[in-house]
Structures are given as structure tokens and as C-alpha cells.
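The values are calculated or read from the model by the stated rules, or taken from the named source; none is laboratory data. A quick note: this is a predicted structure, and the numbers were derived from the prediction, not measured. Note that each Cβ is placed from the backbone with ideal geometry, even for glycine, and that neighbours are counted across all protein chains shown. Heads up: the accessible areas ignore ligands, DNA and RNA and are worked out on the full protein's heavy atoms, side chains in. Shrake-Rupley method; radii C 1.70, N 1.55, O 1.52, S 1.80 Å.
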Amino acid sequence: SLDGYPHYMLKEIHEQPDSIRNAMRGRLDDQNATAIFGGLNLTPQQLRSVDRIILTGCGTSWHSALVGEYLIEEFARIPVEVEYASELRYRNPPIEPGTLVFGITQSGETADTLAALVETKRKGHRTLAINNVVGSSIAQAADGGVYLHAGPEIGVASTKAYTSQCCTLAMLALYFGRLRHMSYEAGQEFITALRRLPAAVEQSLTCESRVREVAEKYQSATTFLYMGRQYNFPTALEGALKLKEISYIHAEGYPAAEMKHGPIALVDEHTPSVFIVPRGTTYEKVIANMEEVKARSGPVIAVTCHADPAIDNLADDVIRVPETPEFLQPIVSVIPLQLLAYNVALLRGCDVDKPRNLAKSVTVE
Ligand code: F6R
């Protein structure tokens with residue numbers, strides 16, 4: 001039921017502090033400073049011998065895979081490749097014996113993701129599902145997996161499944177990291193950061209009235225650009241996808257530094273650029289990209305953490321989110337982008353929960 005919300009999408013956006021809590025429930029092992037997964041169906045030897053990981057999925061699930069790539073490479077030091085399931089299934093890449101393939105999917109019914117897993121499994125590789133719907137086709141086809149426990153996601157635009165996928169991939173990075181070289185202390189710090197996450201998401205949701213003002217201001221734009229770097233490059237892609245699928249406004253997500261290699265040509269006074277710019281390794285560089293947009297009269301919307309005159313003076317609109325360690329920031333920073341898409345779509349009279357031409361699960365290729 002809608003529980004008093006006007007749309008499932010808005011309800012599901014607001015459920016995220018809880019859905020993230022549920023993704024973590026019973027999975028954080030303080031004693032050993034690691035994560036616990038009951039359903040991987042692999043022996044400790046098999047898990048330790050994993051020397052390459054492929055993450056595959058479609059759409060929003062593919063975006064969470066990109067976040068997973070940063071997480072697993074940083075904390076577990078295992079090389080990761082992210083593949084569109086629709087490409088992987090026909091590409092026939094060389095896959096080494098120590099490779100583990102994860103299919104990431106909310107519904108567990110996406111035809112291309114299922115086919116990619118079936119094909120890699122047929123070749124003898126271990127396959128796991130990161131999936132929300134219990135007993136789905138993909139859950140059954142994989143050798144094992146992790147359920148998201150996000151509860152039913154009804155709005156066609158994926159919101160809570162995405163943040164739960166990112167959270168689950170963070171726990172997997174911890175798990176694989178602790179099987180290898182990650183120290184006990186680092187594992188404990190990681191767990192502490194995860195435990196603070198639901199409250200940070202809760203706080204992020206308080207940006208809603210600010211986001212509504214931004215939506216009102218830019219509702220008539222015909223193109224939006226979204227830019228971020230590192231962990232928030234996928235956030236830029238996801239923000240753009242949310243906007244285009246429910247408001248039908250053309251939007252593109254880019255790693256911010258790629259801007260000057262093409263998309264900057266789109267910038268004019270009618271084309272808003274949304275920058276996801278929390279503090280971190282590339283903070284100053286993203287601010288320099290904001291300056292480049294400003295110099296070409298492009299409206300700048302900044303999603304950032306603490307007040308910083310460098311950003312406040314540059315941006316036309318600032319949306320603040322709480323600061324977390326860099327590796328969890330995508331989960332917090334995507335919230336205002338979900339809300340922005342929702343509010344713009346609403347103002348444009350679009351059917352938020354059932355956007356045209358889209359289905360909740362894509363069971364044909
Ligand atoms: C976007 C969206 C789609 C799905 C994609 C994969 O909001 O919902 O891009 O993410 O169709 O679906 P699942 O995760 O069910 O495999």
C-alpha cells in the first residue's frame with residue numbers, strides 16, 4: 001500500500017533508511033570485523049582463490065555495479081570488471097578460472113542478466129546473484145547469492161533497490177578484503193561507517209524542500225548534465241537516468257573531467273549542470289569543472305556536504321547532504337537526485353510510477 005504517500009516512488013525513496021538497515025541486518029560481524037553471507041555456497045578456499053570479479057547487470061543495477069567496482073578494488077584489491085549483461089552474454093570474453101561472476105538485479109527476472117549468468121555458468125564459472133526478489137529466476141539460476149531484503153519495489157524507477165545494492169557491494173568489499181589483507185582495525189572502522197549509514201540517509205532526505213525549489217526552477221529545461229568523479233561518477237549516471245526515465249528530459253551523466261572532451265559543448269544558460277561534489281580526492285578538480293560551466297553561463301547545481309565559499313559562490317543552487325567516508329557517499333548523494341527526478345516529473349505532469357515505454361522487469365531481450 002501507499003501508506004499515505006502520493007506515489008510508490010516517493011514512498012520507496014523514504015523507505016531507504018530502513019531498506020539499508022535490512023540489507024545489513026545479521027550481516028555485520030563485530031567479533032571478526034567482517035561481513036557474514038549465508039548463501040554464497042562457496043568454501044573458504046574457493047572464496048580466497050577468487051582473483052577476478054565480473055559484475056554484470058542492466059540499467060540502474062549496472063550503475064550499482066560501477067560503485068561495486070570502486071569498492072571491491074579499493075578494499076579487497078581484486079580486479080573488477082563491470083559488464084552490461086546484454087553485451088556480456090554475446091561477447092564471449094576470455095574468463096580465467098579464478099573469476100567470480102555476480103549478476104546484480106532488483107527483479108531477478110531481467111532476461112539479459114539471466115542469460116549472461118547462465119552463459120558464464122555453462123562455461124564453468126562460479127555465478128552469484130545480488131537480487132531483491134526471493135526465489136526469482138536469476139536467484140535460482142545462480143550458484144548462490146545475497147538477497148537485498150529491500151521489500152517490494154513497485155515504482156518503475158529503481159530507488160531503494162539501488163542503495164541496497166550499493167550497500168551490499170560495500171559489505172562484499174569488506175568480506176573479501178578481510179579474507180585477504182584488510183586489517184582487523186580497518187574492518188572495524190568499515191563496520192562503524194556502515195552502521196552510521198541509515199542515519200545519514202535519513203538526514204539526506206531532509207533536503208526535500210530544497211530540492212523542490214530546484215525542481216521548480218529548472219522544470220522546463222530540455223537537457224540536464226550530471227557530473228561526478230570516482231565513487232560519484234556512477235551517481236552522476238544514476239541521477240541522469242532517473243531524470244530521463246520519469247520526466248522525459250534529456251539528461252547525460254559523465255565523469256566530471258570528461259566534460260571538456262565533448263559535453264561542455266551542450267552548456268548554455270538553459271542547460272543546468274548537476275555536480276556531485278562531496279569532499280574527497282578530486283574535490284578541487286570538480287570545483288574547477290564547475291567554474292568552466294559557470295564561465296559559459298551554465299546554471300550550476302551542487303550536491304555537496306559542508307559549506308564551502310568556493311562552492312557557495314559558484315553554484316546557483318546548493319543541496320547539502322551529510323558527509324560519510326568517501327566509499328559510502330554515493331548512497332547518501334543519490335537521494336537528492338532521486339528526489340529531483342521525482343519532483344521535476346511531478347511538475348511536468350508525468351506518471352511517476354509508470355513512465356511511458358518502460359516496464360518494471362524487462363523479461364525480453
Ligand atoms: C531504472 C530501472 C532499470 C532497471 C533495469 C534492471 O530505474 O529500473 O534501469 O534497473 O531494467 O532491472 P533489474 O534490476 O530488475 O534487473
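With N denoting the number of residues in segment 309-356, provide Rg(C-alpha) divided by 2.2 N^0.38 Å, to two decimal places.
On the way: Rg = 14.3 Å, N = 48, 2.2 N^0.38 = 9.6 Å.
That ratio works out to 1.49.
Report the calculated FRET efficiency for Arg296 and Ile36 (r = Cβ-Cβ distance, R0 = 41 Å), to the nearest 0.05. Kindly include the intermediate steps, with their values, before the conclusion.
Working: r = 51 Å, r/R0 = 1.23.
It comes out at approximately 0.20.
What is the total of Lys pairs in the chain with C-alpha atoms under 15 Å apart, excluding same-chain pairs fewer than 8 positions apart?
For the chain, the number of qualifying lysine pairs is 10.
Once the convex hull of the alpha carbons of segment 1-119 is built, what does its volume come to per residue, in cubic angstrom?
Values: hull volume 17.1 nm³, N = 119.
In segment 1-119, the Cα hull volume divided by residue count equals 144 Å³.
Considering Cα pairs under 8 angstrom that are at least six residues apart, work out the relative contact order of the chain and quote it in whole percent. Can you show the working numbers first?
Details: 751 pairs, mean separation 71.5, N = 365.
Result for the chain is 20 percent.
By the gyration tensor of its Cα atoms, with a ≥ b ≥ c the square roots of the eigenvalues, what is the shape of segment 1-65: rounded for a/c under 1.5, prolate for a/b over b/c, or oblate? Kindly include the intermediate steps, with their values, before the conclusion.
Values: a/c = 3.57, a/b = 1.73, b/c = 2.07.
Here segment 1-65 falls in the oblate category.
Of the DSSP beta bridges with both residues in the chain, give the percent that are antiparallel, rounding to the nearest 5.
Numbers: 2 of 39 bridges.
Looking only at bridges with both residues in the chain, the antiparallel portion is about 5 percent.
Whole-Å semi-axes of the chain's equivalent ellipsoid, largest first, each the root of 5 times a Cα gyration tensor eigenvalue? Present the calculation step by step, with values, prior to reporting the outcome.
On the way: eigenvalues 209, 101, 80 Å².
Taking √(5λ) for each Cα gyration eigenvalue gives 32, 22, 20 Å.
Considering only protein heavy atoms, with the full assembly of protein chains and a 1.4 angstrom probe, order Lys294, Lys160 by accessible area, largest first. Before the final figure, lay out the partial values.
Details: Lys294 65, Lys160 5 Å².
Final ranking, largest accessible area leading: Lys294, Lys160.
Would you please give the residues with an amide H less than 5 Å from that of Tyr226, counting only those at least 5 places away or on a separate chain, with H modeled from the backbone geometry?
Amide H to amide H, under 5 Å and 5 or more residues apart or across chains, Tyr226 pairs with Glu252, Gly253, Tyr254, Val274.
Round to a whole number: what % of the accessible area of segment 120-239 belongs to carbon and sulfur, probe 1.4 Å?
Working: 2100 of 4320 Å².
Answer for segment 120-239: carbon and sulfur cover 49 percent of the accessible area.
Considering only protein heavy atoms, what per residue accessible area in square angstrom results for segment 2-54 with a 1.4 angstrom probe? Write out the running numbers ahead of the final one.
Working: 2540 Å² over 53 residues.
Result: 48 Å² per residue.
Let me know the shape class of segment 152-270, please: from the alpha-carbon gyration tensor, a ≥ b ≥ c as square roots of the eigenvalues, rounded when a/c is under 1.5, otherwise prolate if a/b is greater than b/c, or oblate.
Numbers: a/c = 2.41, a/b = 1.71, b/c = 1.41.
Judged from the Cα gyration tensor, segment 152-270 comes out prolate (a/c at least 1.5, a/b above b/c).
Using a basic spin-label model with each label point 7 Å from the Cα along Cα→Cβ, how many nm lie between Glu269 and Asp351?
For Glu269 paired with Asp351, the spin-label model returns 3.8 nm.
Report, in whole Å, the centroid distance computed from the Cα atoms of segment 62-84 and segment 325-356.
Each part's Cα centre sits 23 Å from the other's.
In whole angstrom, how far apart do the alpha carbon centroids of segment 184-233 and segment 7-61 sit?
Each part reduced to its Cα centre gives a spacing of 19 Å.
Under DSSP H, which helices of the chain have Cα atoms covering 20 Å or more of the helix axis and a Kyte-Doolittle average no less than 0.0?
Numbers: long enough: 59-75 (25 Å, 0.11); 160-179 (29 Å, 0.66); 184-204 (30 Å, -0.24); 233-247 (21 Å, 0.27); 329-347 (28 Å, 1.49).
Helices meeting the span and hydropathy rule in the chain are 59-75, 160-179, 233-247, 329-347.
Might you tell me the accessible area per residue for segment 108-225, computed with a 1.4 Å probe and given in Å²? Don't skip to the end; give the middle numbers.
Working: 4420 Å² over 118 residues.
Result: 37 Å² per residue.
How high is the relative contact order of segment 251-365, in percent, with contacts defined as C-alpha pairs under 8 Å that are six or more residues apart? Kindly include the intermediate steps, with their values, before the conclusion.
Values: 116 pairs, mean separation 21.9, N = 115.
Relative contact order for segment 251-365 comes out at 19 percent.
Please report the net charge: other residues with Cβ closer than 14 Å to the Cβ of Leu174, K and R +1, D and E -1.
Residues near Leu174 contribute -1 overall.
Could you work out how much longer the chain between Ser1 and Arg48 gets when fully extended? Use 0.36 nm per residue separation minus the Cα distance between them, nm to one decimal.
Working: separation 47, 0.36 × 47 = 16.92 nm, distance 4.36 nm.
Gain on stretching Ser1 to Arg48: 12.6 nm.
Tell me, what is the percent relative contact order of segment 1-130, built from C-alpha pairs under 8 Å that lie six or more residues apart? Intermediate results must be reported in sequence, preceding the final value.
Numbers: 157 pairs, mean separation 28.0, N = 130.
Reported relative contact order: 22 percent.
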